[in-house]
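Asks: Sharing a structure below in structure tokens format, with a few things to ask.
What follows draws every value from the coordinates through simple rules; no lab data is involved. Note that the structure is a prediction, hence the values are computed from the model and not measured. Methodologically, a virtual Cβ is constructed for each residue, glycine included, from the backbone with ideal geometry; neighbour enumeration extends over all protein chains shown.
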Amino acid sequence: MSQTSTCSRRRFMGTTAKWVAFIPAAGLIARGAAAQTRLEETHPTAVALGYRHNVADVDVTRFPKRNTPEGKTQFCDNCIHYNTAEEQDGWAPCAIFPGQTVAAKGWCNVWVVKPAT
């Protein structure tokens with residue numbers, strides 16, 4: 001093989017590797033730039049986790065922990081998964097529902113206390 005074809009192959013492989021590494025980053029950039037939509041209570045994951053925009057609507061027979069004294073203090077806005085920094089009009093992104101926002105006074109069964117800062 002000639003020296004020219006070896007250099008071209010190396011250049012091609014290097015360029016390809018750079019583009020392959022860039023593709024996931026481009027997806028993250030595009031996802032961050034896209035407007036997030038409000039989570040619908042009918043979303044299959046929301047249904048499975050008992051998510052409700054208003055905690056008064058939580059089915060406590062299906063999710064009894066919401067009906068305990070500790071459960072009465074559980075809201076999306078004091079959950080570790082709720083991104084308070086991006087909250088707008090009482091809605092913010094939730095790590096459990098990527099690309100979706102949840103109500104600050106909502107609740108789901110994956111609630112975990114947010115550590116005090």
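Asks: Among the residues of the range 58-77, which ones are among the basic types (Lys, Arg) and in a helix (DSSP H, G or I)? Reasoning before the result, please.
Replies: Filtering the range 58-77 for residues among the basic types (Lys, Arg) gives 62, 65-66, 72.
Matches in the range 58-77: LYS65, ARG66, LYS72.
Asks: Give the residues of the range 36-91 that are hydrophobic (A, V, I, L, M, F, W, C), touching a Phe, Trp or Tyr at 6+ places or on another chain (Cβ under 7 Å) and either within 11 Å of LYS105 (Cα to Cα) or loosely packed, with under 14 Cβ neighbours inside 10 Å (or both), sorted by residue number.
Replies: Answer for the range 36-91, where residues must be hydrophobic (A, V, I, L, M, F, W, C), touching a Phe, Trp or Tyr at 6+ places or on another chain (Cβ under 7 Å) and either within 11 Å of LYS105 (Cα to Cα) or loosely packed, with under 14 Cβ neighbours inside 10 Å (or both): VAL55, PHE75, CYS76, CYS79.
Asks: Among the listed residues PHE97, PHE63, PHE75, which satisfies the condition of being touching a strand residue (DSSP E or B) at 6+ places or on another chain (Cβ under 7 Å) and among the aromatic types (Phe, Trp, Tyr)? Don't jump to the end; show me each part of the working.
Replies: Details: PHE97 fails: touching a strand residue (DSSP E or B) at 6+ places or on another chain (Cβ under 7 Å); PHE63 fails: touching a strand residue (DSSP E or B) at 6+ places or on another chain (Cβ under 7 Å).
PHE75 is the lone residue from the list that is touching a strand residue (DSSP E or B) at 6+ places or on another chain (Cβ under 7 Å) and among the aromatic types (Phe, Trp, Tyr).
Asks: Right, next: If I filter the range 78-102 down to residues being touching a residue at least 60 places away in the same chain (Cβ under 8 Å) and either part of a loop (DSSP other than H, G, I, E, B) or in contact with a helix residue (DSSP H, G or I) (Cβ under 7 Å, 6 or more places away or on another chain) (or both), which single residue comes out as nearest to PHE63 (Cα to Cα)?
Replies: Per the stated criteria, the residue is VAL102.
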